[in-house]
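The values are calculated or read from the model by the stated rules, or taken from the named source; none is laboratory data. As the structure is a computational prediction, the values presented were derived from the model and not from experiment. Here the Cβ is made from the backbone with ideal geometry for all residues, glycine too, and neighbour counts use every protein chain on show.
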């Protein structure tokens, strides 16, 4: 058996060795610059979007065919476009248009999931910042539900400008702004990868591989600061790389674009700015290595790395001082978990939460991770051997290996979030690295049949894996009826209405409520809801302890969703992630627990819309009522 | 592949469109224009034109390819908005519509003029800017019938895309949700403990007739019947008590729907100091 496995591995390794050892790379099929098959392929892609919309419609009406239509529609969007991008003979113009089409069609999938309002919790946090700027006509307002958001107003700036110039509400303005950001993202990634790989083929493959990032389909399309910052980061990198290869007349312009875009990233999103600094430092190190080897004399870009660091620190010191307090706990917890695991002080089951969902989906996710590890390893080796003169390609190869680091982080308690954040940057390297690898494979004379089939199967697996491992999870992939504690699937018109109604209570009231309505009153009502509410909302009665809780937390209102008694929480908790029984609930909350307030004299029941009931608790807690 | 000269006309068009967009924000238009016109012009004037004009200043004709120009134009437009927020934030008018219109128009106009001058002075045909990329030859010509078929496919794709987006919006608008009625009872002011307001918000999907019964402790205080509230409409009923609620007193309001007159549909109850709170922050 072992012998057989060894033989198979050896057979698999032979094509890789051929790529590494090929002394005289053959040119790819003659490249042209026409429109090629762009029109028919676009028609198929749009047809895929139509099928996805049908799936959403079926989901809204709880039709059993919805999941089949959803998967089929997404594959119809992705695969024909991917197959055109994987062909070396595809004309450059067609390649560029197809890459843009892929980015925009996948963006429309997210938009049409919820085409009337923002439903994802992160989006509502940034909605509040935008609404505050519109209300006050000033920057740096205080956003209680995400205090760090107003300190990075790069997303809000173009949105507010668009709203003021067009008269549009926040939602459509946000969709347009993010559509523009997505277009910038795709164009910048294509051109950046094309310059690094010195071939439009690499540009096209980079876009299609980045689309397999589990966060690309939804998270990177959401109205949040990272969705704006990452395209600007790519624009800055593109301008820098383009500057490196340009002649004198356009160099000042490119330098200005690069510096301006870097400043834009710094004022838009903290983590993206740190990621950009890391990318620049890696690039600088690669440049130094290539110079040391004497294979080329790439310009040193130390000034840009230094400039970014200065900008980041200046912004943190003068504007966003709370950033450290916001990020440090997560990072610190992850490091503590990992050192604890290494030292044997902690067990894996204490920190690592395995992925949930149907068995087949988990299997696909695992296969996706295995395939990624394999291609990243081979690509890094190929780039190291064959691109010694190309500092940028070397940086890409080393950066792609960061995938291993991201998987290690997955074992910490905040691993899923940290890994997701890291993938935003690592996938840029991975995408370009796979592009270079496939290009080298074509040039090494690997059998066409093997390459076509292999690369097609690989991107299919990566795309399926991105859907199974990404957000939303299986229960929220399609819009549909209300689900208990299910993020966007818990947002209903009744919830939005209570948020909007609560605005008449005056801004900044303190609420205790569940996770979904936290966002409703925080965003639409401009209130200051609190987390860690188990001490009030999960106790059976209203007594002295609860009174003290209300007083200590300066609470005004409790908003109860009586639907929490109808099912188990999809996210593992009812109110917030600090609950004692998180992920261990075996039955829904009892109705008696949810209605204890109306049995308490002095607690006023001021609002009732059937499922949602609002109680006023301040006077009761201070013994001023009854 | 050589980039073509950026025509001077494009910068003139940029100025005209930007001026029209700013005019719609700053003044009453001389002719009636619908909101879609303002949306289209405003979107261009915010997300495309400022960056396009600035790209024209930074890069003369022939220096960058069309796709690169598009990328830089969009990127610069976003970045101009980011820079502009700080300028407007520090001014007395703040981030108001008039300030945005003036600033974006100024940037676009100045940059368009500068770009026009630069493009008129540029040589007619410059060198190919990037030598590291392979040269692409022209595609082999196609038979006319195939060109026609591709054109039909392109038109069909655009038509299908528009239809799909509209259908997606329509589907979300028609998503079946259980209807609901909001019912509330609030003291009208915190300072006057005798003034209250009852409210109904109807989101049931059709007009309904309601009835309200108001109790002071267990005694019926008032009754409102035949309250017709249209779909998505609200109804407020202010009322005044003779004296403030005392210790142990409560006001209870019960809402009935006319089609189920014996079944309490919604219920609210307030005790004294129901909205005791800090003053609203704004």
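Summary table below
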item	result
Evaluation of residue A:357 against (1) assigned to a helix (DSSP H, G or I); (2) touching a residue at least 24 places away in the same chain (Cβ under 8 Å) (one fails), failing number	(1)
Residue in the stretch A:511-557 that is farthest from the chain's Cα centre (by Cα), counting only those that are part of a strand (DSSP E or B) and closer than 18 Å to residue A:497 by Cβ	A:557
Count of the stretch A:328-349 residues which are assigned to a helix (DSSP H, G or I) and surrounded by 15 or more Cβ atoms within 10 Å (Cβ to Cβ)	8
Single unsatisfied condition, residue A:268 versus (1) over 24 Å from the mean Cα position of the chain (by Cα); (2) modelled with pLDDT of 95 or more	(1)
Looking only at the stretch A:531-546, and only at residues there that are touching a helix residue (DSSP H, G or I) at 6+ places or on another chain (Cβ under 9 Å) and crowded, with 18+ Cβ neighbours inside 10 Å, the one that is farthest from residue A:582 (Cα to Cα)	A:542
Some residue of the stretch B:188-202 being touching a residue at least 40 places away in the same chain (Cβ under 8 Å) and facing chain A (nearest Cβ under 8 Å)	no
Identity of the residue in the stretch A:138-162, more than 20 Å from the chain's Cα centre (by Cα) and within 27 Å of residue A:494 (Cβ to Cβ), that ends up nearest to the other protein chains (Cβ to nearest Cβ)	A:144
Hits in the stretch B:85-113 - residues which are within 20 Å of the chain's Cα centre (by Cα) and free of Cβ contacts under 8 Å to residues at least 24 places away in the same chain	B:85, B:94, B:95, B:96, B:99
Residue within the stretch B:273-280 that is at pLDDT below 90, at the interface with chain A (Cβ under 8 Å from one of its Cβ atoms) and in contact with a strand residue (DSSP E or B) (Cβ under 6 Å, 6 or more places away or on another chain) present	yes
Residue under evaluation residue A:243, criteria (1) without any contact (Cβ under 8 Å) to a residue 60 or more places away in the chain; (2) crowded, with 23+ Cβ neighbours inside 10 Å; (3) more than 8 Å from chain B (Cβ to nearest Cβ), criterion not met	(2)
Residue count for the stretch A:244-267, restricted to those that are in a helix (DSSP H, G or I) and either more than 25 Å from residue A:152 (Cβ to Cβ) or not assigned by TED's automatic domain parsing to the domain that holds residue A:320 (or both)	8
Residue within the stretch A:212-234 that is touching a helix residue (DSSP H, G or I) at 6+ places or on another chain (Cβ under 7 Å), surrounded by 24 or more Cβ atoms within 10 Å (Cβ to Cβ), closer than 21 Å to residue A:87 by Cβ and more than 8 Å from every other protein chain (Cβ to nearest Cβ) present	yes
Sole residue being touching a residue at least 12 places away in the same chain (Cβ under 8 Å), within 10 Å of chain A (Cβ to nearest Cβ), surrounded by 22 or more Cβ atoms within 10 Å (Cβ to Cβ) and not in a helix (DSSP H, G or I), chosen from B:72, B:80, B:64	B:64
Out of A:266, A:259, sole residue that is over 23 Å from residue A:106 (Cβ atoms) and either surrounded by 24 or more Cβ atoms within 10 Å (Cβ to Cβ) or touching a strand residue (DSSP E or B) at 6+ places or on another chain (Cβ under 7 Å) (or both)	A:266
Qualifying position, being facing chain B (nearest Cβ under 10 Å), farther than 30 Å from residue A:442 by Cβ and assigned to a helix (DSSP H, G or I), among A:55, A:135	A:135
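Conditions (1) away from every other protein chain (no Cβ under 14 Å); (2) surrounded by fewer than 19 Cβ atoms within 10 Å (Cβ to Cβ); (3) on the phi > 0 side of the Ramachandran plot, marked per residue:
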| position | (1), (2), (3) |
| --- | --- |
| A:516 | yes, no, no |
| A:550 | no, no, no |
| A:558 | no, no, no |
| A:573 | yes, no, no |
| A:610 | no, yes, yes |
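Every residue, every condition in (1) touching a helix residue (DSSP H, G or I) at 6+ places or on another chain (Cβ under 6 Å); (2) surrounded by fewer than 24 Cβ atoms within 10 Å (Cβ to Cβ); (3) assigned by TED's automatic domain parsing to the domain that holds residue A:78, yes or no:
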{"position": "A:106", "(1), (2), (3)": "no, no, yes"}
{"position": "A:131", "(1), (2), (3)": "no, yes, yes"}
{"position": "A:135", "(1), (2), (3)": "no, yes, yes"}
{"position": "A:174", "(1), (2), (3)": "yes, no, yes"}
